[in-house]
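Have a look at the structure below before the remarks.
Nothing in this text is a laboratory measurement; each read-out follows from the coordinates by a stated rule. Small disclaimer: the values here were computed from a predicted structure and weren't measured. Here Cβ is always computed from backbone atoms with ideal geometry, including for glycine, and neighbour counts include all displayed protein chains.
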Amino acid sequence: MPPETRATYFSVDIECSGPVPAIYDMISLGAVVVAPDDTGALTLGDMHYVEIKPEGPKVDPGAMKVNGLDIEALRRDGTPRRTALLALADWVRAHTKPGTRPVFVGHNAPFDWSFVAWGYAAEELPNPFGYKALDTKALATGKLGVHWFDSSKEVLEERLGLEKEDLGLKHRADYDALYQAKLLIKLLEF
């Protein structure tokens, strides 16, 4: 069985209030399902998005400038972290195809996965992805033979023939998760 048909991939992107979990918060999360269809071809599936109430002690103004989210609005109206993570776990369970296992995918997965994994650990909840993640930057270095420093989305979009990122939507977790899902499919088909 080809490796693509043994997994339901979940392209996940997070936005945060700073560079590391615990001190800073995951404040939004977007996810997109990438799963094999009846022929085994990978296809884009449903999306999931949530904005999360910050709890950490610090906020990095530079991070907030990048993500464009309003920290005060999130403190007031954001979804509590536990609620957001329970909903994500339910969504992952509901969208994992029978006979496959869920795989967390990120572009620079160590960063995004660390916030998600830390959140599940802090809430004493099981992480639906376990302790592993697939990094599209690392996958690109192997598949395309590019150097790590040439595994940016900008370089990969050109190498793989993807449409250019919409800079007006970039750093919005749902948009980035969708773009990364398209990148994953291209890399696995390469």
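Between D77 and R101, what length in nm is gained on full extension when 0.36 nm per residue of separation is reduced by their alpha carbon distance?
So the chain would gain 5.3 nm between D77 and R101.
Order by neighbour count: D60, D25, fewest other Cβ atoms within 10 Å first, most last.
Ranked by crowding around the Cβ, least crowded first: D60, D25.
Can you put V66, V33, V146 in order of Cβ neighbours within 10 angstrom, beginning with the fewest?
In increasing order of surrounding Cβ atoms, one gets V66, V146, V33.
Divide by every residue of the chain the summed helix terms, -39500 (n - 2.57) for each DSSP H run of at least 4, and state the resulting mean residue ellipticity at 222 nm, rounded to the nearest 500 deg cm²/dmol.
Computed ellipticity for the chain at 222 nm equals -12500 deg cm²/dmol.
With Rg and the Kirkwood Rh both taken from Cα atoms, where does Rg over Rh land for region 34-95?
Ratio value, two decimals: 1.14.
DSSP beta bridges in the chain, what fraction antiparallel, as a percent rounded to 5?
Around 65 percent of the beta bridges assigned by DSSP in the chain are antiparallel ones.
Mind checking Rg over Rh on region 127-166, alpha carbons, Kirkwood formula for Rh?
1.09
Under the Karplus relation 6.51 cos²θ - 1.76 cosθ + 1.60, θ = phi - 60°, what is the ordered set of whole-Hz ³J(HN,Hα) values for region 26-33, x standing for Gly and Pro?
Per residue, the Karplus-derived 3J(HN,Hα) values read 6, 10, 8, 9, x, 9, 9, 7 Hz.
Where does each of H107, H171, H147 land when they are ranked from fewest to most other beta-carbon atoms within 10 angstrom? Can you show the working numbers first?
Values: H107 24, H171 17, H147 9.
Ascending Cβ contact count within 10 Å gives the list H147, H171, H107.
Once you have all Cα-Cα distances for the chain, histogram them in 5 Å bins from zero and send the whole-percent values.
1, 8, 17, 21, 20, 16, 10, 5, 1, 0
Determine the percent antiparallel among the DSSP beta bridges restricted to region 1-111, to the nearest 5.
70
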